[in-house]
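The values are calculated or read from the model by the stated rules, or taken from the named source; none is laboratory data. These numbers come from a predicted model, not from an experiment. All Cβ positions, even for glycine, are placed from backbone atoms using ideal geometry, and neighbour counts span all protein chains on display. For the accessible areas, the whole protein counts, side chains as well, though only heavy atoms, and no ligand, DNA or RNA atoms are used. Shrake-Rupley method; radii C 1.70, N 1.55, O 1.52, S 1.80 Å.
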Amino acid sequence: MSTEKTGTETPKPARTEARRPRGLPDRSPADIRATNEMMRVIQRVYELYGFEPVETPFLEYTDALGKFLPDQDRPNAGVFSLRDDDEQWMSLRYDLTAPLARYCAENWQNLPKPYRSYRAGWVFRNEKPGPGRFRQFMQFDADTVGSGSVAADAEICMMAADTLEALGIPRGQYVIKVNNRKILDGVMETLGIDDGQKLTVMRAIDKADKFDRVEISKLLGAGRWDGGDVGKGDFTKGAGLNDRQIIAIFGLMDLKASHQLFEDGTYAMKHAESLPFAVNETFLSGIAELRDMGNLFDKAGYHSDRILIDPSVVRGLEYYTGPVFEAELTFSIPGEDGKPIRFGSVGGGGRYDGLVSRFLDEPVPATGFSIGVSRLRAALDKLAEMRGEKTGEVEGPVIVLAMDKTPEAMASYQQIVASLRGAGIPSEIYLGSAGMKAQLKYADKRNARVALIQGSNEREKGEVQVKDLILGATLTDIKDRTEYLAKQAEAQFAVPVSEVVAKVREVLARHR
């Protein structure tokens, strides 16, 4: 029979390439566990202030986000959108505030007022990803809806300070900066800056912690090339301000304030002649609100080492209508060039009195604060490194090696892990097909502290070998024979099955 090929063989299907979408992170067990613990701390502080949890869906109808999309110049590019079976546009939420506004409006008649809630979850931005800039990231928000009092804004700032300290950031290494959007609005009114320019001006000022005045002046003026020179890198369109307007904006940014400057409410009038812009009622209203907040901070014991009034804070979103605040870490970390740089902002918020009212026939004031979870986690890791503490290490489960695959042996292993799990000790049986050496390598990759070994001889005696993997890894460094034998006896020893739980606890405690 002929065995010649006919040339009609079915081609092999192309192998699918494993690739992660840009700007969407994978997360390790260490990151997940550390983040969950951090969020438990935040939750405890928020609940201490009387806030309760609520959860909104990942998708919202796009029209519910309205004009408050993160990029009005490219409203379809700032969010990820799709159409449902009713041909209605829906978008992945870009923050947790707009969904809360919709939730409050939809349930307004049944909610306690003011309504105090917190939410944690993923948000999505359809933007160009880059270093430290993701398309998917987590936020943790707290908001008070239904109160127009600046006491609600002040309380949010106090809670932010308490949260950072509860997470282990010492006083002096953070500050909550506070300003009022009415101050900037008043200045822009007197300068003749129109509505189409305002958002660009705010975003330029918001870059003060990243760019010097030369670069900010470009953003306030004609625009800025990322590469420095014309034609290099991406171009960011500027606000189109003239030199006089730019000088006035810098004058506003240079205002230095403390709580005491606002005590008599006449700060602006005292210094009006030296300001490079005119003072109007909107500006004065913002000054008065900051004065009242400053008094509240002082009475509650939150002084300028924790909460500081700073006229350079503006926040980049348009929906803020009054006080705005930013949580900034003040300690320095080495930059890519080795020079120290400040870590910067890890959260912020402010008053947004118009957001909920879009859905209702009545005014609904609101204020809130949002923590950037991933950025704050990175900051806590850096702080731990500066203290010489280990980060990112997760204790793995106890590994019961499968020395024998017979039903009798597997039943014995199952009995051992059941007793460990019943005592609250994470544990597992190795379920692969490899031998003992590879199983110990597996335990090492799982970051296990303990491995349990039971061959046929141990099973007949009703015993288990307890192997301390951490201590065992140090034996090769010991040169003295007597010391080596003593440590070896500690690193691996036989115990009755009935004593496994107690002995495993002793070994785990040794390495905590």
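Accessible area, 1.4 Å probe, largest first: how do W122, W89, W225, W108 sort? Walk me through the intermediate numbers first.
Numbers: W122 45, W89 125, W225 75, W108 15 Å².
From most exposed to least exposed: W89, W225, W122, W108.
Based on protein heavy atoms only, the stretch 409-512 ends up with 58 Å² per residue of surface accessible to a 1.4 Å probe. A DSSP coil position with no more than 15 other Cβ atoms inside 10 Å describes the following trypsin sites (Lys or Arg not before Pro) in the stretch 346-411: R387, K390, K405. Excluding ligands, DNA and RNA, the accessible surface per residue across the stretch 165-232 is 44 Å² with a 1.4 Å probe. Measuring with a 1.4 angstrom probe and ignoring ligands and nucleic acids, M410 comes out at about 50 Å² accessible. Taken along the Cα-to-beta-carbon direction at a fixed 7 Å, the label points for E395 and S456 span 3.6 nm.
Just reorder S345, S374 by solvent-accessible area, largest first, 1.4 Å probe, all chains present. Display every interim value, and only then the final one.
On the way: S345 30, S374 55 Å².
Most to least solvent-accessible, the answer reads S374, S345.
Ranking of R446, R481 by solvent-accessible surface, largest first: R481, R446 (1.4 Å probe, protein heavy atoms only, all chains present).
Per-residue surface analysis assigns E362 an accessible area of about 80 Å², computed on protein heavy atoms at 1.4 Å probe radius.
For the stretch 303-407, run through the GluC sites (Glu not before Pro) and keep only the ones in DSSP coil with at most 11 other Cβ atoms within 10 Å of their Cβ. All intermediate terms of the calculation are to be shown ahead of the outcome.
Details: sites: E318, E326, E328, E336, E385, E389, E393, E395; in loops: E318, E336, E389, E393, E395.
Answer by residue number: E336, E389, E393.
Kindly flag which residue pairs out of K479/K503; K467/K487; K461/K487 have an alpha-carbon separation exceeding 18 Å in this structure. Long pairs (Cα-Cα over 18 Å): K479/K503; K461/K487. Rolling a 1.4 Å probe over the protein heavy atoms leaves T163 with an accessible area of roughly 0 Å². Distant-in-sequence amide contacts of G238, defined by a placed amide H-H separation under 5 Å and a gap of 5 or more residues or a different chain, comprise G223, R224.
Mind listing which trypsin sites (Lys or Arg not before Pro) in the stretch 130-205 are in a DSSP loop and have 15 or fewer other Cβ atoms within 10 Å? Provide the component values of the computation, followed by the final result.
On the way: sites: R133, R135, R171, K177, R181, K182, K198, R203; in loops: R135, R171.
Counting only loop positions with at most 15 other Cβ atoms within 10 Å, the trypsin sites (Lys or Arg not before Pro) in the stretch 130-205 are R171.
Computing FRET efficiency as 1/(1 + (r/R0)^6) for E106 and D86, where r is the C-beta to C-beta distance and R0 is 22 Å, gives about 0.75.
Taking every DSSP beta bridge that has both ends in the chain, the antiparallel portion is near 85%.
Straight-distance candidates among the lysines for linking to K237, with alpha-carbon spacing under 22 Å and chain neighbours fewer than 8 residues away dropped: K67, K128, K198, K207, K210, K218.
Take the solvent-accessible surface of the protein heavy atoms, probe 1.4 Å, and return the percent of it on the chain that carbon and sulfur atoms account for.
Details: 13560 of 26820 Å².
Summing carbon and sulfur atoms, their accessible area is 51 percent of the total for the chain.
Quick one: Debye curve from the C-alpha atoms of the stretch 150-203, no solvent, what's log10 I(q)/I(0) at q = 0.31 Å⁻¹? With no solvent term, the Cα-only Debye profile gives -1.16.
Cross-link candidates for K299: which lysines have Cα within less than 20 Å, leaving aside residues fewer than 8 places away along the same chain? Straight-line reach from K299, under 20 Å: K177. Using the alpha-carbon positions of the chain, Rg (one decimal) and Dmax (whole number) come out as 30.0, 107 Å.
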